[in-house]
Each structure stands twice: as C-alpha cells, then as structure tokens.
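Right, one structure below, let's go through it.
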Amino acid sequence: MEKWRNFFLQKMGTGSSINESVGKWNIYCKDIPFKIFNQAKAPAKRTWFDEHGDEEYISSEGLYIEAYSIKVEFGCKCKEDTIDASREGVRENVKAFVKFLRESGMLMMYSSHTGVGRQNVRFESIDDSTKWSQGDDGWWYLIFSVTFKVNDPVTEIMIDSRSTTLYKPTA
C-alpha cells in the first residue's frame, strides 16, 4: 500500500474544484503508465505517380502527437475485520467515482504517483475484471481499472502547493 498514491481530478472549465481520490472516494491509484509522448501523427502528404517518394508537409512547430488511451489501475480499501460490513460502502465509493468520471466530460488529471498531469482527458471505459484482493497490510481492496482517453498528449498539468487547483504551467 505504501506505493499506492492519491489521484487528482478536476473538471475542465472555470470554477471547478479539485477532487482528490483518497479524500473524496477512498480510492487509491495502484498503477498508472503515463506516457511522456505517444507516437507522432503522420504528416500531410501527397504522392505523385510519376515521381519517387512522397511530398510531406511538416509545420514550423514540428510533428504533432497522436491522442492515446491509458489504463489506470485503482483500489478502494476496507479493513479485514469489517469486510462484510464494508463491502457495500466500497462498492458505493467506486460507483460514485465512476459516476463522477462519466458525468464530468473533459477533465484535468494529475497523478502524485508519476508527477505527471494532462488536460482534455475523458473517461473511456471500466474494465470488467474487477476483483477483491487482500493485501499484506490486513486490508481488503476492490481492484479495478479505468481507461482514459488523453486528447491533449503534450500539455503538462501540475498541482499547486496548496492542492486546491490543477493548472498549466507557463513557460
């Protein structure tokens, strides 16, 4: 559990408050494979049948990056001696978390696990391999995976020192 971290989400737009996954839903981020970049988009090109190769256009900004999906593994916990009493509460927390993801539209997110954040992220799906697992620490965890679509793969999002908002740092 020491390696599991909190996860920050904020709806895109003005006036939205930050939601910290542990404090709001008792949900920890177990694994998040944040990519620094995905593959480059293919540049615009034309091909001529009477010439070799292609004619490609690359802007002065360079190549653009494709959007990508990431699968994030989460866990929601309850104490071993209260497993029967707590299971329903854990299920309710997970349902509330997924409802927030589904209804929020575009999000900014930040992982304290990786120190990486992105904007224009949306919920894509939840994996059907949800399972209960007991940790070495005596806690039971409902483990589940959520797939997010990262539509802006290059803009970095940070968290301010007071943890009250996510923001895009200026260069």
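Some points to look at:
- Of all the residues in the range 135-152, those that are modelled with pLDDT under 90 and either out of contact with any helix residue (DSSP H, G or I) (no Cβ under 8 Å at 6 or more places or on another chain) or over 17 Å from Val94 (Cβ atoms) (or both) number 5.
- Residue within the range 121-128 that is farther than 28 Å from Ile65 by Cα and either in a strand (DSSP E or B) or without any contact (Cβ under 8 Å) to a residue 60 or more places away in the chain (or both) present: yes
- In the range 98-120, the qualifying residues are those that are part of a helix (DSSP H, G or I) and in contact (Cβ under 8 Å) with a residue 24 or more places away in the chain, and the one that is farthest from Thr155 (Cα to Cα) is Val98.
- Where a residue in the range 34-63 is closer than 30 Å to Thr155 by Cα and its partner, wherever it lies, is among the basic types (Lys, Arg) and assigned to a loop (DSSP other than H, G, I, E, B), with Cβ under 7 Å and at least six apart: Leu63/Lys41
- Leading residue by the ranking (farthest from Gly105 (Cα to Cα)) among those in the range 6-30 that are within 13 Å of the chain's Cα centre (by Cα) and among the hydroxyl-bearing types (Ser, Thr, Tyr): Tyr28
- On inspection, Thr155 passes the criterion of being at pLDDT 90 or above, on the phi < 0 side of the Ramachandran plot and not in a strand (DSSP E or B).
Every residue, every condition in (1) crowded, with 17+ Cβ neighbours inside 10 Å; (2) of a type in the set (Lys, Arg); (3) out of contact with any Leu (no Cβ under 7 Å at 6 or more places or on another chain), yes or no:
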residue	(1), (2), (3)
Glu56	no, no, yes
Gly62	no, no, yes
Gly89	no, no, yes
Arg102	no, yes, yes
Tyr110	yes, no, no
Gly135	no, no, yes
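- Residue that is surrounded by fewer than 14 Cβ atoms within 10 Å (Cβ to Cβ), at pLDDT 85 or above and either in contact with a strand residue (DSSP E or B) (Cβ under 7 Å, 6 or more places away or on another chain) or assigned to a helix (DSSP H, G or I) (or both), where the choices are Lys71, Lys30, Lys95: Lys95
- Pick from the range 137-155, criterion of a type in the set (D, E, K, R) and surrounded by 13 or more Cβ atoms within 10 Å (Cβ to Cβ), ranking: nearest to the chain's Cα centre (by Cα): Lys149
- Among residues of the range 123-146 being of a type in the set (Phe, Trp, Tyr) and out of contact with any Ser or Thr (no Cβ under 9 Å at 6 or more places or on another chain), the one that is nearest to Trp4 (Cα to Cα) is Trp139.
- Qualifying residue in the range 35-49 (condition: under 18 Å from the mean Cα position of the chain (by Cα), under 30 Å from Lys95 (Cα atoms) and surrounded by 12 or more Cβ atoms within 10 Å (Cβ to Cβ)): yes
The values are calculated or read from the model by the stated rules, or taken from the named source; none is laboratory data. As the structure is a prediction and not an experimental result, all values here were calculated from the model. Don't worry about glycine lacking a Cβ; one is built from the backbone with ideal geometry, like all the others, and counts go over all protein chains shown.
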